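The values are calculated or read from the model by the stated rules, or taken from the named source; none is laboratory data. Here the structure is a predicted model, which is why all the values come from computation and not from measurement. Here Cβ is always computed from backbone atoms with ideal geometry, including for glycine, and neighbour counts include all displayed protein chains. Just the protein is used for accessible areas: all its heavy atoms, side chains included, with ligands, DNA and RNA removed. Shrake-Rupley method; radii C 1.70, N 1.55, O 1.52, S 1.80 Å.
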Amino acid sequence: MTILNRLPGSGALGRHLKPAHAKPLTAAGGVLAVVAALLPWVTFVLGDGAYPAKATLQFFDAPFAVEGYRLHVLLLGLVALVVTFVTRTPGRGRVLRALGWGVFAISLISAVFITGRGGGLGAITAADGVTAFGSVVGVVAGLLVVLGAKAGHLDDIPEWSTDLPRWAAYLALVVGFVGVLYLVASLLTAGGTGGASNPYAGPIFLAFLGMAGGVLGALNGLGVVRWISVLSEKHRAFSIAVLLVCALALPLTSAGNEYWMTVATIIGVYAATAIGLNIVVGLAGLLDLGYVAFMGIGAFVAANLSGAAAAKVGIHLPFPVAALLAAVIAGVIGAIVGSPTLRVRGDYLAIVTLAFGEIFSKSSQNNIGGLTGGANAIPGIPDVEVAGTAFNEPISVLGADLPGGVLYYFMIVLIVGAVMAVFANLKNSRIGRAWIAIREDEDAARAMGIKTGKAKILAFLAGATLAGLAGAVLAHKLTTTSYESFRFLESVTLLAAVILGGMGTIPGAVLGASLLFVLPEKLREFNDYRLLFFGLALILIMRFRPQGLVPDRVRRAELAGETAGGKSIEEEEELVVEHEHGTPGPKGDRA
């Protein structure tokens, strides 16, 4: 974003907005957001029952007893009012813009769902002589705050000093990571599990997502997100320890039941797999469209070596040994599949890997060699046990009762942590730098003396090994494994997770995998429409964040024109010119 684009008055609508309009618009929007939270949102009870958060007029006997998404709208509106009148708020324009979009998203999601579920426009306006304009007022309030922020000046994201006493830095990191833990638990449980008993789980989850986006955007505008990120990098060892403790503490939150532990474990499995794919695609730049096959190989090898009831091998090895062998075999096959990359690249490489994925899928479906079970799959995979305790059983630790499956969750957290450590060391190693050079320009890398063939095969081997290990864990967790879990669509989803999260970054792969496997689970209520919503969300994210949610420096510079600190490269160049020559940069007059 250039200086010209950030000036007030840019754009068709911006030409009618002046800086003097900023405060009145944001103040009016904040007041209307508060009013919207205190109004009813639905005029009559819908066919599936009263809409949540006591928003239906029939149950609106206590307007000040706000809860749920109405409480979120109220809080966002109040914060917008405070920021509006506290003129020295750092990043004021960005904070208001994020808050406005949060109010708008919550209100629009509820209005669209109520209208589309059979209520019609009368359900959110007036029907049978009664009115309920809460969602409409909320939409208007959000737009007013956003327009007010646009009328004002969008300052750069402030940079806060990280030169703190050690105890203060540690305290800030603990508070920040505990906040992340609370957000993760809330996202998992927002709206419940859905189904006939909870028909409004989908819109409640989406509304919470809108609120979370508004809050995170506001914190980013304040510079808090960047400050925590820099602080955690400065105290890396302590940050890793706190993150590990927070991850292991998830069962003690609202997500501490068997269902969410299963969901969290599967997310962890796919996160580990996505990190492995990030080695192949994110670091080495090799487009692999059959990567999920390595995960399937690990799952089938572990199933056959762990004494599953339907296995043909007849061997019963302990889980650690079976998982290690599954990872090794998947890695060896990955190196074999990577051999053709010595002569092909780009689209041709994608075709080769796609063919391998289809060969694996069809071979598994037809039960070639009797190792995959075909259409019958391989059921009865024994549960992992430690000291006679099965991992799928509930346990009690220090008087705290933990749900079934929590041991699998603990195990996948440790595995993901180990995989992240492997990725980080590979990325910063000599071979990691060679992969990045190949990704940028393979011919130039070869000219610099890099053995590109060997490096590419190593990338496939490392990625496949990690996928095989993840597949072994998945097979034991689900106690069955089938070829249907390792089709082409899964490879595409994993690739989307890497690109969406940010190619070449560890948090990006984890975040991308989490989003792409949580969203479909939470949007099951929308049935046929959930894939449409899912696809639209991906399109919007890639349109406005092409570098990924957590990009590395190279992707940020290439696709967003930003420095590692998030500033415009053009602005930095102008500042350098001004500093060197003492005159405005090439765009100074136009700005």
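Would you mind finding the one in 287, 283 that is in contact (Cβ under 8 Å) with a residue 24 or more places away in the chain, open to solvent by 40 Å² or more (accessible area, probe 1.4 Å) and touching a Leu at 6+ places or on another chain (Cβ under 8 Å)?
287
Do we have residue 372 as in a helix (DSSP H, G or I), open to solvent by less than 50 Å² (accessible area, probe 1.4 Å) and polar (S, T, N, Q) here?
Values: in a helix (DSSP H, G or I): no; open to solvent by less than 50 Å² (accessible area, probe 1.4 Å): yes; polar (S, T, N, Q): yes.
Considered against the rule, which asks whether it is in a helix (DSSP H, G or I), open to solvent by less than 50 Å² (accessible area, probe 1.4 Å) and polar (S, T, N, Q), residue 372 comes out as no.
Please specify each residue of region 323-357 satisfying the condition of being over 15 Å from residue 460 (Cβ atoms), open to solvent by 70 Å² or more (accessible area, probe 1.4 Å), modelled with pLDDT under 90 and not hydroxyl-bearing (Ser, Thr, Tyr).
Matches in region 323-357: 347, 351.
Only one of these conditions is not met by residue 117: (1) within 28 Å of residue 254 (Cα to Cα); (2) modelled with pLDDT under 90. Which number is it?
(1)
Condition (residue is open to solvent by less than 40 Å² (accessible area, probe 1.4 Å), acidic (Asp, Glu), in contact with a helix residue (DSSP H, G or I) (Cβ under 8 Å, 6 or more places away or on another chain) and at negative phi) applied to region 383-396: is it met by at least one residue? Even if it seems obvious, please write down each step before you answer.
The initial filter retains those residues of region 383-396 that are open to solvent by less than 40 Å² (accessible area, probe 1.4 Å), namely 384, 390-391, 395.
So of that shortlist, the ones also acidic (Asp, Glu) come out as none.
Taking every residue of region 383-396 in turn, none turns out to be open to solvent by less than 40 Å² (accessible area, probe 1.4 Å), acidic (Asp, Glu), in contact with a helix residue (DSSP H, G or I) (Cβ under 8 Å, 6 or more places away or on another chain) and at negative phi.
Could you list, in sequence order, all residues of region 463-492 that are open to solvent by 20 Å² or more (accessible area, probe 1.4 Å), more than 30 Å from residue 390 (Cβ to Cβ) and in contact (Cβ under 8 Å) with a residue 60 or more places away in the chain?
Correct list: 488, 492.
Which one is modelled with the highest pLDDT, of the residues in region 163-179 that are open to solvent by 60 Å² or more (accessible area, probe 1.4 Å) and under 15 Å from residue 229 (Cβ atoms)?
Looking at the filtered set, the residue picked out is 175.
Considering each of 423, 356 in turn, give the residue that is over 26 Å from the mean Cα position of the chain (by Cα) and within 30 Å of residue 342 (Cα to Cα).
None of the other options fit; the residue is 356.
Does any residue in region 292-314 that is under 17 Å from residue 275 (Cβ atoms) and part of a helix (DSSP H, G or I) come within less than 9 Å, Cβ to Cβ, of a residue that is open to solvent by 30 Å² or more (accessible area, probe 1.4 Å) and among the small types (Gly, Ala, Ser) six or more places away or on a different chain, and which pairs are these?
Cβ pairs passing all conditions: 292/485; 295/485.
All but one of (1) open to solvent by 20 Å² or more (accessible area, probe 1.4 Å); (2) in contact with a strand residue (DSSP E or B) (Cβ under 8 Å, 6 or more places away or on another chain) hold for residue 454, so report the exception by its number.
Of the numbered conditions (1) open to solvent by 20 Å² or more (accessible area, probe 1.4 Å); (2) in contact with a strand residue (DSSP E or B) (Cβ under 8 Å, 6 or more places away or on another chain), the odd one out for residue 454 is (2).
Report whether or not residue 91 is within 28 Å of the chain's Cα centre (by Cα) and either within 18 Å of residue 207 (Cα to Cα) or surrounded by fewer than 19 Cβ atoms within 10 Å (Cβ to Cβ) (or both).
Here the answer is no, as residue 91 does not meet what is asked.
Kindly list, by first and then second residue, each pair from a residue in region 389-414 that is closer than 16 Å to residue 474 by Cα and modelled with pLDDT of 90 or more to a residue that is open to solvent by 40 Å² or more (accessible area, probe 1.4 Å) and acidic (Asp, Glu), limited to pairs with Cβ atoms under 6 Å and residues at least 6 apart or on different chains.
The qualifying pairs do not exist here.
Tell me which helices (runs of 4 or more DSSP H) are completely within region 201-265 and hold 1 or more residues being closer than 26 Å to residue 109 by Cβ, or say none if there are none.
Answer list for region 201-265: 201-222, 224-234.
List every residue pair whose Cβ atoms sit under 8 Å apart, with the two residues 6 or more apart in sequence or on different chains, where the first one lies in region 136-159 and is in contact (Cβ under 8 Å) with a residue 12 or more places away in the chain and the second, anywhere, is outside any helix (DSSP H, G or I) and of a type in the set (Lys, Arg).
Between residues of region 136-159 that are in contact (Cβ under 8 Å) with a residue 12 or more places away in the chain and residues that are outside any helix (DSSP H, G or I) and of a type in the set (Lys, Arg), the close pairs are 151/18; 156/567.
Has region 15-22 got at least one residue that is modelled with pLDDT of 75 or more, under 34 Å from the mean Cα position of the chain (by Cα), surrounded by 19 or more Cβ atoms within 10 Å (Cβ to Cβ) and closer than 24 Å to residue 203 by Cα?
There is no residue in region 15-22 that is modelled with pLDDT of 75 or more, under 34 Å from the mean Cα position of the chain (by Cα), surrounded by 19 or more Cβ atoms within 10 Å (Cβ to Cβ) and closer than 24 Å to residue 203 by Cα.
With respect to the numbered conditions (1) open to solvent by less than 20 Å² (accessible area, probe 1.4 Å); (2) farther than 19 Å from residue 464 by Cβ, which one is the sole condition not fulfilled by residue 407?
All conditions pass for residue 407, except number (1).
Within region 124-145, can you find the residues that are more than 23 Å from residue 98 (Cα to Cα) and surrounded by 24 or more Cβ atoms within 10 Å (Cβ to Cβ)?
Selection gives 124, 132.
For region 229-248, which positions are closer than 30 Å to residue 193 by Cα and surrounded by fewer than 14 Cβ atoms within 10 Å (Cβ to Cβ)? Don't jump to the end; show me each part of the working.
Going residue by residue through region 229-248, those that are closer than 30 Å to residue 193 by Cα are 242-248.
Matches in region 229-248: 245 only.
Give region 499-518 a look and list any residue that's of a type in the set (Ser, Thr, Tyr) and crowded, with 22+ Cβ neighbours inside 10 Å, or say none. Show your work before the answer.
From region 499-518, those of a type in the set (Ser, Thr, Tyr) are 505, 514; that's our starting set.
Within region 499-518, 505 is the sole residue that qualifies.
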